[in-house]
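Trainee: There's a structure below that I have some questions on.
The values are calculated or read from the model by the stated rules, or taken from the named source; none is laboratory data. For clarity, every value in this text was computed on a predicted model and none was experimentally measured. Cβ atoms come from the backbone with ideal geometry, glycine included; neighbour counts cover every protein chain shown. Note: areas computed on protein heavy atoms with side chains; ligands, DNA, RNA excluded. Shrake-Rupley method; radii C 1.70, N 1.55, O 1.52, S 1.80 Å.
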Amino acid sequence: MATLFQRGTLLCHNWIMKIRGALTSLFLLISLCVAPVFTATAAVCPPPPNPPPAGCTPPTPGPGAPMPGMGGSGFISKFPKSRSVDRFSDSSPQIQNPALGSPNPSQVNYVGVGWDSSLRLQAIPYIKAEKNLGGGVREEALCANPTDATCSPMQGWSTLYVSGGVGNCAATTNGVCVESITLIKSDKSEILAKPIQKFPKEQKEFPGTIDNSGRGFAPGLASWIWRIEGDGGGAENDYLAGGVVISTARPVGQTWGTPELVQFFFELTPIFRESSALIKQPGMKMQKNPVNGASETMPENSESGCLANDTGVCVHRRTFPADARYKVVLQIPRNITGWLNGRLTAPAVTSTPINGAFDRITIEAGASENIFAGKWLKKSELPQLKFPTEQSGRPYEQIFSGKGGMMVEDPGRDGALDAYNVWAPYIGDYAFAINQTWTVSNALVSNPEERRCPSRGVVGVVATNASAYSATAPVYNKETGTLDYRVAAPHYGPYIDGKSEAKNLGTYGLSMAASVVKCLYGMEKLPTSASISITSSDGKENVSTVELKTSGDWVYLDAKNFTFSAPTLKIKLNQTNQSSAAAPATPTENSATSSSQVAAPKKAAAPRITISCVKGKLTKKVSGTAPRCPAGFKKR
């Protein structure tokens, strides 16, 4: 287990971000102190979660207002914080109400629970070695590169933790990087982005160890700022593109064994800048733990008031242009395999091999809502919660053991969806915040169907705006012949100024390699449509037919405008020609990205009609060019 500590004495916060093996259970446990008191003035900038335009008159923090950034520099941003997790931390009742007094750290009155898909900290590449000293004490050391002799197993280290980055392919040849970014405007015109500079500009990078088969540690590449002239966002036209590729290794004899991928995460964000001479370049440093004296790695100069920062500059999130789509071409090693999750709207994906080590994956999609579900709850008013699995309840042991604090976890963690459903009655029907993001990351858990249809490289992308979702790719249900996927989110948007926003409407996008579809369904040819069944938490089901679109050797579809709180989504391909079915295929390792014949969609679509089907008191509406009632139903 790799642990990253960050302390900012100005804020009296202890930040703990843990990564549990290959599950990447990212979360924060925060012991909260009372905020300093400031003088309040009127604010003109829009309140969070709305990103402010450049040039608006910012607020001055007042009593109980959000704390300043935690970099320790003294910098206080003029704008609301870009990260929802920072705003959630600031909303603690013990911060918002100084009259509560400074709590005993071992008896915090409130606990904060939440689900958020964004990175908790700025992506800064680094390497560390770890060893267990016993009694829960862990010694750490920063390393210059993956083969640094001072960090070898021969020095007694038990784990090597490498946090690589996502860079610019024009500046690197053997890493995870962005080949191109294209903005597709609502009128279908396209604007090609230009890479401007590394961010941070003087970020030190380190080499990776990716071999000819795509295995190894990813290099430590810095994020980049890209410019899209005329993107419609006003005077600012820049985007921050970057992420992390995290792997760990254990000793095998006197060397490190094969690296195990923990997390791949990429994000594209439109930004605007705020300048201050107080801000320094962020990085990592070593320090002695004040309690046990062990050496530990710590971030330094990180400003929580910023999405990211560099010397003299803080970048903030701005809104995406309306109705825009982005085509991002990534080079990724072939050890990033299986399925990806995304905060994407209607994604269309293709993947082709570059060589034995790398694939080229192209993702075209719009930005998606990131529905942050979370609430601060009085600890004394909570009953003894029962979680269905050890995985779902384990992250919450700390906040119930007398230590209190805040726990915000990755919505795709193994057990996160079950945990959300346990907490849902207490956090209520309103989201804490909603912002737009464009992200993609690896699914944290594989499912049996990936073993039945093996492959190398990425074979599918599933995207949703839900607060929590299944940790695996959609699961093939043999009894119903459907691909099933579970999601959950609050029913309504944030509760602001005594009223709620509109209902949260769900989105779901699915892209799959055609060879995997054929393997799962035992098909020789692909149909041109699919049925989407959405069953709500109260048992009501809605069935509709959508077009199954093709792009190269991939197929994709999407559904939208369904309501939460915890629906199950089922996809079934409409096999109108039974003779096209065949025994399930056993593809080769590279079949998901090889050339294959895909049935072309009809040139002229027949008129779509809708029929009503009844079974007792249950009614379903089925739409399509030739709709039929499901088994057991009769046409009304």
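Trainee: Could you give the length gained by full extension between residue 495 and residue 536, i.e. 0.36 nm per residue of separation minus their alpha carbon distance, to one decimal place?
Mentor: 12.5 nm
Trainee: Follow-up question, since we're still on this one. Enumerate the aspartates and glutamates that residue 194 could reach by cross-link, defined here as Cα to Cα under 12 Å, with residues fewer than 8 away along the same chain left out.
Mentor: 179, 229, 238
Trainee: Suppose R0 equals 45 Å; then what is the FRET efficiency for residue 235 and residue 635 from their Cβ-Cβ distance, rounded to the nearest 0.05?
Mentor: In this case the efficiency is close to 0.20.
Trainee: While we're looking at this one, here's another question. Taking square-rooted eigenvalues a ≥ b ≥ c of the alpha carbon gyration tensor, is region 167-237 rounded, prolate or oblate, where a/c under 1.5 means rounded and, failing that, a/b exceeding b/c means prolate?
Mentor: oblate
Trainee: If you don't mind, there's one more thing I want to ask. Given an 8 Å cut-off on Cα distances and at least 6 residues of separation, report the relative contact order of region 260-396 as a percent.
Mentor: 19
Trainee: I've got another one for you. Does region 258-335 come out rounded, prolate or oblate, given a ≥ b ≥ c as the square roots of the eigenvalues of its C-alpha gyration tensor, rounded meaning a/c under 1.5 and, failing that, prolate meaning a/b above b/c?
Mentor: The shape class here is oblate.
Trainee: Along Cα→Cβ, 7 Å out, is where each label goes; now give me the distance between the ones at residue 192 and residue 170 in nm to one decimal.
Mentor: In this crude label model, residue 192 to residue 170 measures out at 1.0 nm.
Trainee: Cut-off under 20 Å on the C-alpha distance; same-chain residues fewer than 8 positions from residue 78 excluded. Which lysines are left, in chain and number order?
Mentor: 280
Trainee: Next up: Roughly speaking, to the nearest percent, how much of region 144-224's 1.4 Å accessible area is carbon and sulfur?
Mentor: Accessible surface attributable to carbon and sulfur in region 144-224 totals 50 percent.
Trainee: How much accessible area per residue does region 493-560 have, in Å², with a 1.4 Å probe?
Mentor: Here the per-residue accessible area is 43 Å².
Trainee: Express the accessible area of region 318-468 per residue in Å², computed with a 1.4 Å probe while the remaining protein chains stay in the model.
Mentor: 32
Trainee: Cross-link partners among lysines for residue 620, C-alpha distance below 22 Å, same-chain residues fewer than 8 apart left out?
Mentor: Within reach: 540, 560, 570, 572, 634, 635.
Trainee: Label points 7 Å out from Cα along the Cβ direction at residue 426 and residue 289: separation in nm?
Mentor: Here the answer is 2.8 nm between the modelled labels.
Trainee: Still on this model: Assuming R0 = 22 Å, what is the FRET efficiency of residue 147 and residue 204, from their Cβ-Cβ distance, to the nearest 0.05?
Mentor: The value I calculate is 0.85.
Trainee: Rank 455, 491, 436 by how far each Cα sits towards the positive end of the charge dipole of region 425-495 (+1 on Lys, Arg Cβ; -1 on Asp, Glu Cβ) and give me just the farthest.
Mentor: In region 425-495, that residue is 455.
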